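Read the structure below first, then the notes.
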Amino acid sequence: MSVDSLLTAEAVDPAFATLTPVHRASTAHGWWRSAVIYQIYPRSFRDLNGDGIGDLAGITAELPQLAELGVDAVWLSPFYRSPQRDAGYDVSDYCDVDPLFGRLVDFDALIAEANRLQLRVIADIVPNHCSDQHVAFQAAKAAPANSPERDMFIFRDGLGPEGTEPPNNWQSHFGGPAWTRITEPDRQPGQWYLHLFDSSQPDFNWHNPAVHAEFERVLRFWLDRGISGFRVDVAHALVKAPGLPDWGGRPDGNSTDGFPGQDAPMFGQPALHDIYRRWRSILEEYGPDRILCAEANVDPLPRLAQWVRHDEMHQAFNFPFLHAGLDVDRLRHIVTDSLVSLDAVGAPSTWVLSNHDVVRHASRFGYDGPGPRDGDGIGPSDPQPNEQLGRRRAAAATMFMLGLPGGAYLYQGEELGLPDSTSIPGSLRQDPAFARTGGARIGRDGCRVPLPWRSSEMHAGFGAGRDPWLPLPESWSNLARDKQQADPASHLNLYREMLAQRSTLQLGRGSLAWVEDYCSHTSLGYLNGSTLVVMNVGTEPMPLPEGEVLLRSSAADRNDPLGSGETIWLITS
Ligand code: GLC
Ligand code: CA
């Protein structure tokens, strides 16, 4: 179907001769359709009790700053009880707060403050696996093979005469085999259990109704406490293909471009959709405002659209957009494909550039040649990004993103223009990917470094006490929030203005038509309502059309041509 045939001429601004309309403004209800949701990584946000690790009370204390920034909601990465082998994505009790972060009363206080500020709160839920310290896994290990306790997880006998070989060839995402052999209660080497991630993260068996029941209980526990929904961790992995067949593609299930192979037996199984339909119906018991967002690394976009049909999830992260970098041909294709595929099922797109699993976009864009591989981090001996260049382009890319119709996710610290910290010594690194690959993969610690709040305070105001769990680079006191607040030309103030304009102009509910006059192999231009957004990633300055400049991503003069690595929002006259 041609995109042009989707829309009629009345949606088109007559000021431009060459428009390619893609998406109409939405009138559908739902706060999340256009929301800007800010990801908080609790251990690195703000340490109020000075033990070196961020906490819930620290989040509550700084929530007014986020309201002031202009976001609509926050998403909290896991704060549940956990041995913290994968920074909290290894949960040992889904219905309690880890003492590292506080207590349940601190969570309730956080919700109360968010309500006062009219911010919604979304929590992470981790249903694919738990911690090996979870009571259910401890019980499974203590029980015999084929018992109901073992059936909560994926236990199998090993291959070979002595069962010494793993049951299949699957590999863990963090390196090494996806299976670990246990010692049985009688001290004999025994069965193997599946873990798509670290060996401390056993996968649940979603063919067992008891697992479904347990997670329904968890959903209700947090919904009852006032949260607005869930970000569902590795949502595409819960159900494995019957028989757990060997996988002939890349052993971690990904295809060569980093996305899961279409037929990988550990991903994207049809039965997943029934699980999320059931979850959706539970959320709807609480009214129309509670949402589910899938972390589903599913490609291509029409396939991802199946995750957000009217009775399934509300949103899914748009990882193809994140991975497109600044390649404008790819970006154009992905933006078009996202809007068209998602329009077909009545869902909005989401947009995202950074999170706690990838190199921050201010660092990814700081290379002239190919940058780091996503998820692998930048170490001290790798080629280093150019900070100025990276931050300039990051501002341009974010302005391109926040002009698009749909919802958007921001990752804590990107509003300060933070780069990755690339100088963390190996001895302090905590991402299991680093240890499991003997350091061959640097891992994700660089994007998880604590935030600088107040330049003149100890640890740049992250916490007054013990050293933060990962060191803040010294230069980050210059990027501290208080310094940026005082500087009208700062990255932080650009974010604040972008969010304010986006809300005033209702860009999240708007339309999109490519303006061919401004689209080339090094630039993209689109109209959202009467706002023209142009991004230039080429080396030549671009002349601008007549109009009122609302915002530009660098401190350049409003009437200068659009420089390299710059984006502009203007109202055409
Ligand atoms: C998701 C999380 C990541 C975690 C993994 C295992 O991808 O975003 O941080 O390591 O799941 O739970
Ligand atoms: Ca703390």
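Once backbone amide H atoms are built at 1.01 Å from N, Asp203 has Ile154, Leu194, His195, Leu196 as its partners under 5 Å, excluding neighbours fewer than 5 places away on the same chain.
The distance separating the Cα centre of the range 497-564 from that of the range 176-223 comes to 49 Å. The mean accessible area for residues of the range 135-194, using a 1.4 Å probe and ignoring ligands and nucleic acids, is 52 Å² per residue. Using the Karplus relation 6.51 cos²θ - 1.76 cosθ + 1.60 with θ = phi - 60°, the per-residue 3J(HN,Hα) values for the range 90-104 come to 10, 8, 9, 8, 6, 10, 8, 8, 5, x, 4, 9, x, 9, 4 Hz, with x marking Gly and Pro.
Taking every protein chain into account, the 1.4 Å probe leaves Arg391 with about 40 Å² of accessible area, to the nearest ten. In terms of its Cα atoms, the range 441-572 spans 55, 36, 30 Å along the principal axes, sorted from long to short.
For every other residue with a beta carbon closer than 9 angstrom to the beta carbon of His207, add +1 if it is Lys or Arg and -1 if Asp or Glu, then tell me the sum. Provide the component values of the computation, followed by the final result.
Numbers: positive: Lys240; negative: Asp151.
Taking every Cβ under 9 Å from that of His207, the sum is 0.
Distance from the C-alpha centroid of the range 23-45 to that of the range 140-169: 42 Å, rounded to the whole angstrom. The angle between the Cα long axis of helix 209-224 and the main principal axis of the chain comes to about 50°, on a 0 to 90 degree scale.
Using only alpha-carbon positions in the range 66-167, the gyration tensor eigenvalues give semi-axes of 39, 14, 10 Å once each is multiplied by 5 and square-rooted (largest first).
At R0 = 51 Å, how high is the FRET efficiency between Ala139 and Ser475 if r is their beta carbon distance? Nearest 0.05 is fine. List each step's numbers first, then the result.
Values: r = 49 Å, r/R0 = 0.97.
Working from the Cβ atoms, E equals 0.55.
Amide H to amide H distances under 5 Å link Val74 with Tyr38, Arg120, Val121, Ile122, where only residues 5 or more positions off or on other chains count and H is placed in the peptide plane.
The convex hull defined by the C-alpha atoms of the range 135-194 has an orientation-averaged projected area of 4.3 nm². Across the range 517-534, computed HN-Hα scalar couplings (Karplus, 6.51 cos²θ - 1.76 cosθ + 1.60, θ = phi - 60°) run 4, 10, 9, 8, 6, 10, 8, 9, x, 9, 9, 10, x, 9, 8, 9, 10, 10 Hz from first to last residue, x flagging Gly and Pro.
Between the amide H of Ala513 and those of Val22, Leu527, distances stay under 5 Å, these residues lying 5 or more places away or on another chain, with hydrogens modeled in the peptide plane. Taking Cα atoms only, the orientation of helix 491-504 departs from the longest principal axis of the chain by about 80 degrees.
Here the accessible area is traced with a 1.4 Å probe on the protein chains. For the range 135-194, carbon and sulfur cover 52 percent of it. Rounding to the nearest 10 and keeping the result within 0 to 90°, find how far the Cα-based axis of helix 387-402 lies from the longest principal axis of the chain. Taking Cα atoms only, the helix is inclined about 90 degrees. Here the translational diffusion coefficient of the range 414-502 follows from Stokes-Einstein with Rh set to the Kirkwood radius across Cα pairs; for 10 °C and 1.306 mPa s it amounts to 111 µm²/s.
Here the 3J(HN,Hα) profile of the range 267-272, calculated from phi with Karplus coefficients 6.51, -1.76 and 1.60 at θ = phi - 60°, is 9, x, 6, x, 5, 4 Hz, Gly and Pro shown as x.
Each stretch of four or more DSSP H residues adds -39500 (n - 2.57); spread over every residue of the chain, this sum gives -7000 deg cm²/dmol at 222 nm.
Per the Kirkwood definition applied to all pairs of different Cα atoms, how many angstroms is the hydrodynamic radius of the chain?
Working: mean 1/r = 0.0407 Å⁻¹.
This gives a value of 24.6 Å.
The values are calculated or read from the model by the stated rules, or taken from the named source; none is laboratory data. Here the structure is a predicted model, which means the values were calculated and not measured. Neighbour counts are summed over all protein chains in view; Cβ atoms, including those assigned to glycine, are modelled from backbone coordinates with ideal geometry. Just the protein is used for accessible areas: all its heavy atoms, side chains included, with ligands, DNA and RNA removed. Shrake-Rupley method; radii C 1.70, N 1.55, O 1.52, S 1.80 Å.
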